[in-house]
Amino acid sequence: MLDIAVIDGAGAAEASLDPIRSRILAALGEPGSATTLAARIGLPRQKINYHLRELERHGLVELVEERRKGNMTERIMQATAASFVILPSALGGVAPDPGRGVDHFSARWMLAVAARLVQDVGTLIVRSGHARQPLPTFTLDSELRFATAQDRAAFAAELGRSVADLVERYDTPAAPNGRAYRLVLALHPRITADGTARHIAGLDTPGADAPSTSTHPGVRPVAATTQEEH
């Protein structure tokens, strides 16, 4: 079972978003049969079997083994991944497009860029898997706390200058054997424990967030990876 699988087709996306099939996928983190799922989810076995066939048709679940029980064969199924990501391309013409407008301070443009990131990386994961080649990536995920809105603006400006300097230093468009990469940076208010972004109500109010519990005050490096193997 994969940690994360990519859904790039409209049919598979529709199948995964169906409420009953979503519950079946979650339950099949561990192998199970239509009979065990029926007891767990509270639906007739025949209905579970129908949904399992649809999920299997779209590659979301797979056969683990078959067991003989009397005069019948019990099929043991498992989800093909612990979690799934639906690529924006599965939405067709209504998928977010960051090329429709560039506004570095727009949350909606950030969302469109993030959707493109999911699309690009998801496509690369699928292609690298088919080619059985490693996918070189690098990820940073951090949190920090600004004392004032002025500090936030100054940080954004300095970050922009620093990144521009790095890009200018390392960008070699004419390199004959070079490979092009896309760089995306995002800064947004943290979602608080109660599920809201309090900065939306009081963006410049000191103390709007709970203090960070990080061992590194102000900044919490969460992840930094350089290569994903397939």
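Brief remarks follow.
- Index of the failed condition, residue 175 passing every other in (1) open to solvent by 60 Å² or more (accessible area, probe 1.4 Å); (2) of a type in the set (A, V, I, L, M); (3) over 30 Å from residue 9 (Cβ atoms); (4) in a loop (DSSP other than H, G, I, E, B): (1)
- Every residue from the stretch 24-57 that is basic (Lys, Arg) and either more than 23 Å from residue 91 (Cβ to Cβ) or in contact with an Asp or Glu (Cβ under 9 Å, 6 or more places away or on another chain) (or both): 40, 45, 47, 53
- Test result for residue 190, surrounded by 12 or more Cβ atoms within 10 Å (Cβ to Cβ), part of a loop (DSSP other than H, G, I, E, B) and touching a Gly at 6+ places or on another chain (Cβ under 8 Å): no
- If you go through the stretch 72-101 and keep only what is in a helix (DSSP H, G or I) and touching a Lys or Arg at 6+ places or on another chain (Cβ under 7 Å), you end up with just 98.
- Residue pairs meeting the criteria (Cβ under 6 Å; at least 6 apart or on separate chains; first more than 11 Å from residue 187 (Cβ to Cβ), in the stretch 142-161; second open to solvent by 60 Å² or more (accessible area, probe 1.4 Å)): 149/204
- Any chance residue 206 is over 19 Å from residue 108 (Cβ atoms), over 27 Å from the mean Cα position of the chain (by Cα), at pLDDT 90 or above and in a loop (DSSP other than H, G, I, E, B): no
- Within the option set 148, 123, being of a type in the set (Ser, Thr, Tyr), within 30 Å of residue 62 (Cα to Cα) and open to solvent by less than 70 Å² (accessible area, probe 1.4 Å) holds for one residue only, 123.
- Number of positions in the stretch 1-21 that are in contact with a His (Cβ under 9 Å, 6 or more places away or on another chain), open to solvent by 20 Å² or more (accessible area, probe 1.4 Å) and not small (Gly, Ala, Ser): 4
- Residue check for residue 74: modelled with pLDDT of 95 or more and either open to solvent by 60 Å² or more (accessible area, probe 1.4 Å) or not basic (Lys, Arg) (or both): no
- Total residues in the stretch 42-82, condition in contact with a helix residue (DSSP H, G or I) (Cβ under 6 Å, 6 or more places away or on another chain) and polar (S, T, N, Q): 1
- Note on the stretch 127-140: residues that are open to solvent by less than 40 Å² (accessible area, probe 1.4 Å) and of a type in the set (A, V, I, L, M) amount to 1.
- Residue list for the stretch 102-120, restricted to those being open to solvent by less than 60 Å² (accessible area, probe 1.4 Å) and assigned to a loop (DSSP other than H, G, I, E, B): 106
- Of all residues in the stretch 22-71, those satisfying the criterion of being part of a strand (DSSP E or B) and either under 17 Å from residue 1 (Cα atoms) or open to solvent by less than 40 Å² (accessible area, probe 1.4 Å) (or both) are 32, 61, 62, 63, 64, 65.
The values are calculated or read from the model by the stated rules, or taken from the named source; none is laboratory data. Keep in mind the model is a prediction, meaning the values are calculated, not measured. Counting neighbours? That spans all protein chains shown, and the Cβs are built from the backbone with ideal geometry, glycine included. Just the protein is used for accessible areas: all its heavy atoms, side chains included, with ligands, DNA and RNA removed. Shrake-Rupley method; radii C 1.70, N 1.55, O 1.52, S 1.80 Å.
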